[in-house]
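**Student:** Mind having a look at this structure? Questions to follow.
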């Protein structure tokens, strides 16, 4: 792995790296993170931090020994912990002459195109001001169905948002193995991955009892980041200091996921992974072939059914007859309108919906394939 052209890095730190064994936050871990960020800054590498730890910080502040199980309890503890967490980062950044900014993102912030652009503009402005963005999910107000689910996914979306050169996910394991190293003594560390789909079966459950980001979610993050054209490094937190030498081509030992050769452009990134899909359009095999192999738009004739609810200009999943997702796109017609015109030729479509003058139900320019062509 040679990464001499890295100028912007997203560092994701999981709860297993920040939780003190006796409860609360591990101040030494935060000090080490900030020290590495300062060293990278001296080498003209910008860092964006995506951090967990709010619940652990809140538990320490409240003297709790067990993580809350209910959503309201978790959100209340997180609300207490967010202030503690950013204060610890700010204190350490100040020692190095740096300033941090807390940025709390919810799923809805990235799901709406205008909010997505605003978040992008804010982060770019912070970086131009040489401020270190410290990002966490705004889980104090998030509801289950609008949660990122884990900060691995959030970090990959942030990497795309800021146009990072590298995403580094710090965890409590050395990387991806050929088997579960805790059970299989013959398991070997995989140093480099060219296709995420080829190694997904090796994700064997949670990496630890702490946090929700097991290996499955890390591979999901790798799939998102690499499709954005961003390399991802899965690294043991104990090797964090070795990141300082990355600009000299001396990458630390972990698992590096190579960026995809065919990377998604900005809007198609949002369609594929940031926008929320409200329903599905099931299409026949002929339409599926036209989308995947020929790069065509989706016409009403190839539609079999419409599932879920949506209005015009919302994102839908496009699935084949077997229910497999093959694409996502911005749909030009509402759910009821699609139901009305499914299987029909364009001339009939215009008769049924006079105010629609287009041909495509989902135009190829507003569609992202979710499978390899």
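**Student:** Return the pair list, or none, for Cβ contacts closer than 8 Å from residues in the range 223-238 that are on the phi > 0 side of the Ramachandran plot to residues that are surrounded by fewer than 24 Cβ atoms within 10 Å (Cβ to Cβ), at least 6 apart or on different chains.
**Tutor:** 229/259; 229/260; 229/263; 229/264
**Student:** So residue 3 passes all but one of these: (1) outside any loop (DSSP other than H, G, I, E, B); (2) modelled with pLDDT under 90; (3) in contact with a strand residue (DSSP E or B) (Cβ under 8 Å, 6 or more places away or on another chain). Which condition number does it fail?
**Tutor:** Only one criterion is unmet by residue 3, namely (1).
**Student:** What is the one condition in (1) surrounded by fewer than 22 Cβ atoms within 10 Å (Cβ to Cβ); (2) not in a helix (DSSP H, G or I) that residue 233 does not satisfy?
**Tutor:** Of (1) surrounded by fewer than 22 Cβ atoms within 10 Å (Cβ to Cβ); (2) not in a helix (DSSP H, G or I), only one is false for residue 233: (1).
**Student:** Have a look at 35, 17, 114 and point out the one that is part of a helix (DSSP H, G or I), under 24 Å from the mean Cα position of the chain (by Cα), in the same structural domain as residue 159 (by TED's automatic domain parsing) and surrounded by fewer than 21 Cβ atoms within 10 Å (Cβ to Cβ). Working first, answer last.
**Tutor:** Numbers: 35 fails: under 24 Å from the mean Cα position of the chain (by Cα); 17 fails: surrounded by fewer than 21 Cβ atoms within 10 Å (Cβ to Cβ).
114 is the lone residue from the list that is part of a helix (DSSP H, G or I), under 24 Å from the mean Cα position of the chain (by Cα), in the same structural domain as residue 159 (by TED's automatic domain parsing) and surrounded by fewer than 21 Cβ atoms within 10 Å (Cβ to Cβ).
**Student:** Restricting the search to the range 125-138, which residues are modelled with pLDDT of 95 or more and within 18 Å of the chain's Cα centre (by Cα)?
**Tutor:** Answer for the range 125-138, where residues must be modelled with pLDDT of 95 or more and within 18 Å of the chain's Cα centre (by Cα): 133, 134, 135.
**Student:** Out of everything in the range 45-63 that is part of a loop (DSSP other than H, G, I, E, B) and touching a residue at least 40 places away in the same chain (Cβ under 8 Å), what residue ends up being surrounded by the fewest Cβ atoms within 10 Å (Cβ to Cβ)?
**Tutor:** Ranking the candidates gives 45 first.
**Student:** Return yes or no: is residue 40 outside any loop (DSSP other than H, G, I, E, B), touching a helix residue (DSSP H, G or I) at 6+ places or on another chain (Cβ under 9 Å) and closer than 21 Å to residue 166 by Cβ?
**Tutor:** yes
**Student:** Need a quick list: strands (runs of 3 or more DSSP E) entirely within the range 252-360 having at least 1 residues that are under 30 Å from the mean Cα position of the chain (by Cα) and exposed (fewer than 15 other Cβ atoms within 10 Å of the Cβ).
**Tutor:** Those strands (runs of 3 or more DSSP E) span 303-308, 325-330.
**Student:** Hey, another quick one. Which residue, of 86, 132, is in contact with a strand residue (DSSP E or B) (Cβ under 6 Å, 6 or more places away or on another chain), assigned by TED's automatic domain parsing to the domain that holds residue 48 and outside any helix (DSSP H, G or I)?
**Tutor:** The unique qualifying residue is 132.
**Student:** Inside the range 40-64, can you point out the residues that are out of contact with any strand residue (DSSP E or B) (no Cβ under 8 Å at 6 or more places or on another chain) and under 24 Å from residue 125 (Cβ atoms)?
**Tutor:** Within the range 40-64, 42, 43, 44 meet the criteria.
The values are calculated or read from the model by the stated rules, or taken from the named source; none is laboratory data. Values in this document were obtained by computation on a predicted structure and should not be read as measured data. Backbone-built Cβ (ideal geometry, glycine too); neighbour counts: all protein chains shown.
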